[in-house]
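The values are calculated or read from the model by the stated rules, or taken from the named source; none is laboratory data. Keep in mind the model is a prediction, meaning the values are calculated, not measured. Note that we place each Cβ from the backbone using ideal geometry, even for glycine, and neighbour counts take in every protein chain shown. Surface accessibility is based on the protein's heavy atoms, side chains included, excluding ligands, DNA and RNA. Shrake-Rupley method; radii C 1.70, N 1.55, O 1.52, S 1.80 Å.
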Amino acid sequence: MSIDESQVAKDGVDPDEVPKRKLYTGAEIPAIGLGTFGSDRVSGEDIAKAVKGAIFVGYRHIDCASVYLNEHLVGESLKDVMKSGIKREELWITSKLWNDMHGEGDVLKACEKSLKDLKLDYLDLYLIHWPFPNYHEPGCDVTSRAPNAKPYIHKNYMKTWRQMEKLVEKGLVRHIGTSNMTIPKLKLVLRDAKIKPVCNEMELHPHFQQQEFFDFCIENNVQPIGFCPIGSPKRPDRDKTEEDTVDIEDPVIVKIAKRLNVHPAVVCVKWAVQRGHIPIPFSIHRNKYLSNLECTIKDPLTKEEMREIAGIDKNCRLIKGQVFLWEGAKSWEDLWDLDGEITH
Ligand SMILES: NC(=O)c1ccc[n+]([C@@H]2O[C@H](COP(=O)([O-])OP(=O)(O)OC[C@H]3O[C@@H](n4cnc5c(N)ncnc54)[C@H](OP(=O)(O)O)[C@@H]3O)[C@@H](O)[C@H]2O)c1
């Protein structure tokens with residue numbers, strides 16, 4: 001199909017050519033999206049401008065969240081692009097329920113607020129951002145602990161999930177999903193949900209491949225969406241530790257980037273799409289978000305390169321989630337059920 005030039009920039013990518021993933025509902029989701037979390041260093045206005053720019057170069061999938069505090073600005077961009085002729089049904093818009101809105105009656109309120117801010121009458125996907133109702137101030141220190149923070153309580157999560165299911169029944173949300181889960185937690189949700197999660201958003205990059213969890217999702221028809229696909233090189237300092245490794249400096253990634261004459265970030269995005277999870281890279285810079293999209297339709301990595309990247313996993317989780325810990329928890333590992341059992 002030829003590109004409609006009123007809707008896609010001359011140097012953009014035809015959205016029809018961008019790979020898609022089929023969900024168990026039969027719906028198709030673009031195999032790459034644009035992240036919108038500015039890591040406290042990029043303004044909401046600049047992010048909203050990038051959303052508009054990204055849609056005009058061919059992105060159709062935008063990853064939003066109320067806690068990014070920019071949905072009202074992103075919504076202006078969505079309104080503008082739709083005014084210019086892009087139809088609502090061509091877009092895939094995700095938002096997320098923040099931790100302080102898990103309570104009875106709160107989920108509908110939170111969803112309505114995101115819809116109002118995004119200027120939409122439905123979301124394509126609504127995720128429970130974290131499986132804990134543990135609130136913390138945006139930007140707070142990683143050592144801070146909310147006094148009423150609790151470990152995962154399945155009964156409570158399912159009460160929140162029931163409210164998510166109601167949003168689907170009301171037509172406010174087309175699909176619902178999870179984020180920052182673990183295998184044992186997701187197993188219980190899959191067992192007890194009336195409407196099963198279509199997607200699980202999780203940290204995925206070459207140095208943190210979560211192969212077992214990735215396979216579990218695929219086997220259970222839960223499409224993985226990968227956040228921090230480039231290893232989030234500009235994440236806030238509070239999310240950095242000395243042990244963290246840097247994906248875009250990995251010799252294997254750098255070697256492949258040289259062969260393709262691209263930035264190592266692009267290799268990370270390519271790997272994600274070819275592996276089968278959906279990366280949601282962030283950048284407000286046109287050349288970067290455009291090259292991330294373009295790379296999904298050309299110069300695939302070879303089988304040997306895919307094998308080499310599979311071999312560089314460092315099990316390096318970057319978003320450790322310390323601020324969600326409860327009093328008495330030992331360390332951030334408690335959030336991630338490392339021994340296969342839910343930590344209480
Ligand atoms: N569900 C969750 O709990 C959760 C958690 C974290 C993130 N997320 C989502 O995931 C998205 C992505 O994660 P992230 O922003 O932390 O990390 P990321 O996408 O791995 O890394 C973003 C950084 O990579 C750089 N970059 C992007 N494309 C590039 C390219 N082609 N060449 C060179 N550099 C490039 C950008 O640099 P410049 O800024 O200089 O352009 C940007 O700062 C977020 O925006 C958010 O939507 C979700």
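A few comments on the model shown:
- Principal axis box of the chain, alpha-carbon based, largest edge first, Å: 54, 45, 37
- Percent accessible area from carbon and sulfur atoms, the stretch 251-344, protein chains only, probe 1.4 Å: 53 percent
- Between residue 121 and residue 259, full extension at 0.36 nm per residue minus the direct alpha carbon distance yields a gain of 45.2 nm.
- Residue ranking by accessible heavy-atom surface, 1.4 Å probe, largest first, among 174, 21 comes out as 174, 21.
- Put a dot 7 Å past the Cα of residue 310, heading toward its Cβ, do the same for residue 10, and the two dots end up 4.3 nm apart.
- Here the accessible area is traced with a 1.4 Å probe on the protein chains. For the stretch 52-115, carbon and sulfur cover 58 percent of it.
- Most mobile listed residue (182, 36, 25) in the chain, GNM with C-alpha springs under 10 Å: 25
- For the residues 332, 161, a 1.4 Å probe over the protein chains yields an accessible-area ranking, largest first, of 332, 161.
- 155, 330, ranked by accessible area, largest first (probe 1.4 Å): 330, 155
- With all protein chains modelled, accessible area of residue 252 [1.4 Å, Å²]: 30 Å²
- Residue 299-residue 113 FRET efficiency (beta carbon distance; Förster radius 41 Å; 0.05 resolution): 0.45
- Heavy-atom accessible area per residue - the chain, 1.4 Å, Å²: 44 Å²
- Taken along the Cα-to-beta-carbon direction at a fixed 7 Å, the label points for residue 100 and residue 27 span 2.8 nm.
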